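First the structure, in the form of structure tokens, and then the observations on it.
Read the figures in this text as sums done on the coordinates, not as results from a lab. The structure presented is a predicted model; accordingly, all values stated were derived computationally and were not measured. No Cβ is skipped: glycine too gets one built from the backbone with ideal geometry, and neighbour counts run over all protein chains shown.
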Amino acid sequence: MAIIVNLDVMMAKRKMSLSELSEKVDITLANLSILKNNKAKAVRFSTLEAICAALDCQPGDILEYAPDGEEI
């Protein structure tokens, strides 16, 4: 996949658990886990905005582009 989700990195930097972020963003643990584990096929801008607000970060802190086949 060309888009890498670094949600776990930002959560660790902010010392926030998955359940705490889930409550703040108002999204289920299951859906947040799918996003965190790079299994999501899409993310709504409203969800991304809520995550960025909860983690006090920018979308670029969470999402990263890597051309297919390249290691990061």
For this session: Check ALA12, ALA66 and return the single one that is free of Cβ contacts under 8 Å to residues at least 60 places away in the same chain and small (Gly, Ala, Ser).
Result: ALA12
Exercise. Within segment 13-28, is there a residue that is surrounded by fewer than 15 Cβ atoms within 10 Å (Cβ to Cβ) and in a strand (DSSP E or B)?
Worked result: no
Problem set entry | Out of ASP8, ASP61, ASP68, sole residue that is out of contact with any Leu (no Cβ under 8 Å at 6 or more places or on another chain) and not in a loop (DSSP other than H, G, I, E, B) | ASP8
Exercise. Which one is nearest to ILE3 (Cα to Cα) among residues in segment 44-63 that are under 9 Å from the mean Cα position of the chain (by Cα) and of a type in the set (A, V, I, L, M)?
Worked result: LEU63
Exercise. Restricting segment 1-20 to residues that are farther than 23 Å from TYR65 by Cβ and among the aliphatic types (A, V, I, L, M), which is nearest to the chain's Cα centre (by Cα)?
Worked result: LEU18
Exercise. Residues ALA66, ALA40: which one is over 12 Å from the mean Cα position of the chain (by Cα) and small (Gly, Ala, Ser)?
Worked result: ALA66
